[in-house]
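The values are calculated or read from the model by the stated rules, or taken from the named source; none is laboratory data. Bear in mind the structure is a predicted one, so any value in this text is a computation, not a measurement. Using ideal geometry, Cβ is built from the backbone for each residue, glycine included, and neighbour counts are taken over all protein chains shown. Accessible surface areas use protein heavy atoms only, side chains included; no ligands, DNA or RNA. Shrake-Rupley method; radii C 1.70, N 1.55, O 1.52, S 1.80 Å.
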Amino acid sequence: KRRKVSENQDIEDRLESLILRVGEKSTSSLESNLEGLASVLEADLGSFRVKILRILADCATNMPEKCTIYTTLIGLLNAKNYSFGGEFVEYMVRNFKDALKNCKWDAARYALRFLADLVNCHVIAAGSLLQLLDNMVDAAKEDGVPQVRKDWYIYAVLSILPWVGRELYEKKEQSLDTLMSAIEVFLIKRHKNHHEALKVWHSDVPHPQEEYLDCLWSQIRKLRQDNWAEKHIPRPYLAFDSILCEALQHNLPALLPPPHHDSYHYPMPWVVFRMFDYTDCPEGPILPGAHSIERFLIEEHLHQIIESHHLERKDAAAQLLDVPYKQKIPLDYMIVEVIFAELFHMPSPRYLEVCYGSIFIELCKLHPSRMPQVLAQATELLFSRIDSMNTACFDRLVNWFSYHLSNFQFRWSWEDWESCLQLDPEHPRPKFIKEVLLKAQRLAYHERIHKIVPETFEPLIPEKPEPTFKYSDDTAPGANTARAIADAIRERCTPEEVLTGLAELPNPRAGVDEGDASSYNPLKIDVFVQTLLQLGMKSFSHSFAAISKFHYVFKVLAESEEAQICVLRSMFELWHNHQQMMVVLVDKMLKTQIIECSAVANWIFSKDMNGEFTKMYLWEILHLTIRKMSKHVQRLGSELSDARERLRRDESHSSESDEEMGGEGAGGSGVGKSGSGDDKDKPSEDMVERMEERLEAAQADQKNLFLIIFQRFIMILSEHLVRCDTDNRDFDTFWYRWTIGRLQQVFLAHHEQVQKYSSTLETLLFTHDLDPHILKVFQQFVSLRA
Amino acid sequence: MYIGNLSFYTTEEQIYELFSKCGDVKRVVMGLDKYKKTPCGFCFIEYYNRADAEACMRYINGTRLDDRIIRSDWDAGFSEGRQYGRG
């Protein structure tokens, strides 16, 4: 009997492998492979029906790029065995419903597309598919549901029309027209406040940056004008027309979209990124136009390849370069555009930025005769249009380009960019070069950067990352103390001894009562911070060790927020030429709770930092600060829900034991009755209560942090707008653009956290009397999940 | 994680910069020559999260830093004394 089982297993495995591999490169034609496979499967339906059903349905959703191959196979099977066809349709419909209920939007879309393509294979009747599509469009007419829900249903319907549009047009022209009109009505009425915020470029020249539904709608309309004739999708079923048209068709069961639920998250809207048109790729095949359906289909396929292979950059590169229709399109350009689209995706890219960087590197290695050239051309284009690029994308471009250069010996034709040396240093172009060199210096070293750019670039070359130690000047007030402390620290003194050493220093703040809780001594802080960090200057590790050894001194000297801002200021004065050092030091001081997040925020917006305000690293610091806060809140939140869960389980358990043990209190003796062995960390009601308090406190801190940040933004921006108005000057300066861009970035990069405080922000800060330029940024943010 | 094939001149700062692209770095321990106590081409990196170390294996292993193709590998964890190479 055992042999029978293992034989069956062998057959199942063989069937699975045959099904999975159909459509791969083979010596015989796809048609004959499909025909052969259909016969094999038909013969095995008797014993392996369920297994075959399951494998085929999995292929339908997991390998959407082979959709038409599998629909053809199902068509052939249906022609041979009508009841199996029916079972399969039922199975797919169930998958589709489950995906909708579980918010697996892509899986749902692939399942729907598969069902649609089964109409082409004479498995499903056109009328019943139209009924389903009508129901979906009706879902977009509901009131009181988020627009993103309606958007998804419309998107899902539109995105399958390239597959089945022609068939519906031939069989049910009128119904299709009605469907199209209903969609058009929806699109006309739709709000698009989010559009501006999600654009990579503010400008629509040379390429309009279209909202995704608008763009797809134009592409579908164009397809309709062409009588739904689509030439891109391979359609193996055409070869089997004579067999398939004999087959009987099934009707889809009546299917209504599951109603909206507050816990449902729908995909956020996006903007279609465009950087090339046919004039950019003069040699070889022509790039399909922005509104041709091919552009949509190819892009979708490339995104899908990235999705399936993003864990293996080498496979991703190889698969991208090996799409079946590569002869017919300028593939290099389309790959580059699609990867940049992902990297620049707003509010955040779907994978790590370095994932895209590493795929680009592999593409260059795999296709050295073309890829580096196309990528260089792309970089040129991005640079030339950087004036209107949104600030978050500006940062990502800087990070990518410096990283890419560091992988290719920093070779670049810098001379071509010489002209921007004449521009205002705040202009995005010289700014871009400067920031790239700064980042490149972090990955290399100062002398190297000097060597890679022409001498004329001197003004853009970063400073040598060295400390500026105030107390090396003997006449500076406090210099003697600084020297004494430095000697003591070298002699391995204790933190208390440092405090004693500082005791002599007078407080330059007049009229401060030393005993006051808010009192602090800026001179003491400065002497201590500068001296300690100067001693640890050799490396990050040295600095970290110094900070943790004298942690106590920090805590004593800098209790209040003002004092903590002094710590940051002293650090800045010492390390202002070493941005990376400042980033890691702030990070360290936050982690070790020497400074609080709110202190960092207030420091960034303080007058002292005016000169640094448009530099990238300062925002790197702000974002890491916000992230730290968010992580803290998230951690406390998940700990609390864990504890609640354990408490609940414990209660239900103890109520059982109450019965058994005659009412002895829960957890009284603690005899290992629970069996799970987690008795010792069983939370008490008290503990859960304390955790709740901690979470609430953390959320209050988080809210406070956002309030500080947004209020400071509002203050400086309003001040600027008012001043320009009174002076009769144009407000739209580089400074203004950078600052508004940074405000936008804070909203978008942390939208999930900020969302929680949306209504507070609306009542306290973003009120209707605010300047519309600033208010607009808030409204765009709100509309992301509207 | 163990990181190998570094240039002798590559600094802790550079390593921080590159490896932070995959996540929050807990610490970097530079490999030192047993006798001269100078960097000798390897280091240890600890991330707070395992997922970040996985990303490092995926995206940084086999790319360049200071013009050298660096290698990363899983490591049981740093212990005192292991920072000294064989000289």
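Tabulated values for the structure
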read-out	value
Rounded accessible area per residue of chain B, 1.4 Å, Å²	49 Å²
Ranked by how many other beta carbons lie within 10 Å on average, peptides A:724-734, A:553-563, A:693-703 from highest	A:553-563, A:693-703, A:724-734
Relative contact order %, chain A, counting alpha carbon pairs below 8 Å whose residues are six or more apart	10 percent
Accessible area buried, both sides summed, chains B and A with 1.4 Å probe, Å²	2400 Å²
Amide H within-cut-off set for A:PHE613, under 5 Å, with H built and near neighbours excluded	none
B:PHE78 - accessible surface, heavy atoms, 1.4 Å probe, Å² rounded to 10	40 Å²
Global geometry of segment A:82-158, whether rounded, prolate or oblate, following the gyration tensor of its Cα atoms and the 1.5 cut on a/c	prolate
Straight-distance crosslink candidates among aspartates and glutamates, where the alpha carbon sits under 15 Å from A:LYS756 and sequence neighbours closer than 8 are dropped	A:ASP262, A:GLU696, A:ASP701
Sulfur and carbon atoms: percent of accessible area, chain A [1.4 Å]	50 percent
Shielding score for B:48-59, defined as the mean number of other chain Cβ atoms within 10 Å	3
Partners for A:LYS199 among lysines (Cα-Cα distance below 23 Å; same-chain residues under 8 apart left out)	A:LYS150, A:LYS189, A:LYS431, A:LYS615, A:LYS776
26 Å Cα-Cα threshold exceeded, pairs from A:LYS439/A:LYS549; A:LYS538/B:LYS37; A:LYS51/A:LYS104; A:LYS588/A:LYS703; A:LYS538/B:LYS26; A:LYS4/A:LYS51	A:LYS439/A:LYS549
Amide hydrogen neighbours beyond the local backbone of B:GLY31, cut-off 5 Å, H modeled	B:CYS40, B:PHE42, B:CYS43, B:PHE44
Peptides B:23-36, A:573-586 ordered by average Cβ neighbours within 10 Å, highest first	A:573-586, B:23-36
Per residue value of the accessible surface for chain A (all protein chains in place, 1.4 Å probe), Å²	45 Å²
Translational D in µm²/s for segment A:349-473 (Stokes-Einstein at 37 °C, 0.692 mPa s, Kirkwood Rh from C-alpha pairs)	209 µm²/s
Computed FRET value (nearest 0.05) for A:HIS768 with A:LEU421, which takes r as the C-beta separation and R₀ as 41 Å	0.40
Proximal charge balance of A:HIS751 [Cβ under 14 Å; K/R count +1, D/E count -1]	+2
Among beta bridges that DSSP assigns inside the protein assembly as shown, antiparallel share in %, nearest 5	90 percent
List B:CYS40, A:CYS67, ordered by accessible area with a 1.4 Å probe, largest first	B:CYS40, A:CYS67
Net charge of neighbours whose Cβ lies under 14 Å from the Cβ of A:LYS549, counting Lys and Arg as +1 and Asp and Glu as -1	+1
With all protein chains modelled, accessible area of A:MET63 [1.4 Å, Å²]	40 Å²
³J(HN,Hα) computed for each position of segment A:274-288 - Karplus, 6.51 cos²θ - 1.76 cosθ + 1.60, integer Hz, glycine/proline x	10, 10, 10, 9, 4, 6, 7, 10, x, 8, x, x, 7, 6, x
Reach of A:LYS328 by Cα under 18 Å, taken over lysines that are not fewer than 8 positions away in the same chain	A:LYS231
Helix-only mean residue ellipticity at 222 nm for the protein assembly as shown, each DSSP H run of n ≥ 4 adding -39500 (n - 2.57), per residue, nearest 500	-19500 deg cm²/dmol
Rounded to the nearest 20 debye, dipole of chain A from Cβ charges on Lys, Arg, Asp, Glu	1480 debye
Rounded, prolate or oblate (a/c below 1.5 giving rounded, otherwise prolate when a/b exceeds b/c) for segment A:21-113 by Cα gyration tensor	oblate
Exercise: per-residue mean of other protein chain Cβ atoms within 10 Å, A:310-316	2
Sparsely packed trypsin sites (Lys or Arg not before Pro) within segment A:64-118, loop by DSSP, other Cβ within 10 Å at most 16	A:LYS104
Span-rule helices in chain A, defined as complete DSSP H runs reaching 30 Å or more along the axis (Cα) with Kyte mean at least -0.5	A:147-171, A:685-726
For B:TYR84, solvent-accessible area (1.4 Å; no DNA, RNA or ligand), Å²	80 Å²
Number of partner chain Cβ atoms within 10 Å, mean per residue of A:579-589	2
Probe 1.4 Å, all protein chains present, accessible-area order of A:TYR333, A:TYR169, largest first	A:TYR169, A:TYR333
